[in-house]
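The values are calculated or read from the model by the stated rules, or taken from the named source; none is laboratory data. If you're wondering where the values come from, they're calculated on a predicted model, not measured in any experiment. So basically every Cβ, Gly included, is an ideal-geometry build from the backbone, and we count neighbours across all protein chains shown. Accessible surface areas use protein heavy atoms only, side chains included; no ligands, DNA or RNA. Shrake-Rupley method; radii C 1.70, N 1.55, O 1.52, S 1.80 Å.
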Amino acid sequence: MKITEKINMDYDALVEHGPITIVAFGDSVTHGALSSGEFNYETVYWNLLKRKILNVRNYVPVNVINAGIGGITAKRSLGRLDSQVITYHPDLVIVCFGLNDVNGSLEDYLSSLETIFTKCIDSGAEVVFMTPNMLNTYVADDTDEALKHYAKVTAEMQNGGKMDKYMSGAVDIAFKCGVKVCDCYSAWKKMSQKTDTTMLLINRINHPNAKMHELFADMLFDTIFADNSLRARNVDSAMYEEK
């Protein structure tokens with residue numbers, strides 16, 4: 001049963017199928033990382049998405065499993081796909097990699113994504129690929145001194161088009177696999193025409209601030225429920241029913 005069907009379940013269907021399970025599979029942004037050593041699981045995009053869904057209909061529980069790990073890549077995540085994602089029999093897997101993968105080979109990134117998409121789909125889950133935010137475009141004065149060298153590297157990858165190439169390839173792989181794409185990267189690129197997007201990165205390199213996590217959640221919600229299948233309803237009864 002698709003998530004767009006499960007969210008509208010009545011009592012009998014809930015007994016039969018159980019709550020919605022979403023796994024967010026990604027890197028530090030999914031993990032909940034902000035500045036160095038700081039994590040916030042309240043403002044992270046997947047928690048905001050859960051709230052958005054429950055604000056429309058709160059009768060069907062929505063459980064989100066955070067399978068994000070800071071500093072990891074899609075390739076290094078292949079070994080944890082079964083134990084940290086598929087084992088939970090998710091209704092939906094949100095996949096978001098790229099910020100660390102751009103340090104490696106494009107071939108490794110794309111082939112790893114294809115494996116992730118395919119295995120998740122084969123397990124019966126729906127999959128959404130969420131492209132990440134942009135990297136910094138310059139080394140900001142208030143960047144942590146210990147990170148300024150890496151900030152120079154990431155700015156070169158962003159300005160030189162390497163990040164664009166990785167995102168374009170990833171979107172193509174997603175479409176090839178029949179995976180929905182929530183293209184947040186394109187939204188950031190559009191913003192960058194009028195906004196200093198480096199200032200939207202709380203660590204001035206790759207971690208978006210809380211406001212930008214709201215953008216992710218909004219775009220994910222619109223992508224998942226693009227067919228307007230989420231119907232606003234009053235709270236269903238939780239009183240005992242004899243069957």
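Calculate what fraction, in whole %, of the accessible area of the chain sits on carbon and sulfur atoms when a 1.4 Å probe is rolled over the protein chains.
Roughly 51 percent of what the probe reaches on the chain is carbon or sulfur.
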Sorted largest first, extent of segment 55-146 alpha carbons per principal axis (Å) = 48, 36, 18
What accessible area per residue, rounded to a whole number of Å², is obtained for the chain using a probe radius of 1.4 Å?
-> 47 Å²
Using just the alpha carbons, could you tell me how many Å³ per residue the convex hull of segment 54-94 encloses?
-> 86 Å³
Checked against the positive end of the charge dipole of the chain (+1 on Cβ of Lys and Arg, -1 on Cβ of Asp and Glu, about the Cα centre), the farthest of Phe117, Ser186, Ile202 is Ser186
Convex hull per residue volume in Å³, alpha carbons only, for segment 133-229 = 103 Å³
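Please compute the contact order of the chain in relative form: average sequence separation of alpha-carbon pairs under 8 Å and at least six residues apart, divided by the residue count, as a percent. Mind dumping the intermediate values first?
Numbers: 392 pairs, mean separation 60.1, N = 243.
Normalised by residue count, the contact order of the chain is 25 percent.
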Taking the highest mean first, how do the peptides 160-166, 110-116 order by number of other beta carbon atoms within 10 angstrom per residue?
-> 110-116, 160-166
Principal axis box of segment 26-99, alpha-carbon based, largest edge first, Å = 37, 30, 16
Beyond 20 Å between alpha-carbons counts as too far, so tell me which of Lys52/Lys211; Lys50/Lys75; Lys2/Lys52; Lys50/Lys119; Lys6/Lys211; Lys6/Lys50 fall in that bin.
-> Lys50/Lys75; Lys50/Lys119; Lys6/Lys211
Fraction of antiparallel bridges per DSSP, the chain only, in percent to nearest 5 | 10 percent
Distance between modelled label sites at Met1 and His149, nm, 7 Å Cα→Cβ extension = 5.5 nm
Hydrodynamic radius (Kirkwood) for the chain, which is based on Cα pairs only, to one decimal in Å = 18.6 Å
Give the Rg/Rh ratio for segment 133-185, taking Rg as the radius of gyration of the Cα atoms and Rh as the Kirkwood radius, to two decimals.
-> 1.13
About its Cα centre, what dipole magnitude does segment 135-233 give when the only charges are +1 on Lys and Arg Cβ and -1 on Asp and Glu Cβ, stated in debye to the nearest 20?
-> 300 debye
For segment 34-151, the charge dipole (Cβ of Lys, Arg +1; Cβ of Asp, Glu -1; about the Cα centre) points to a positive end, and the Cα of Asn100, Ile86, Ala151 closest to that extreme belongs to Ile86
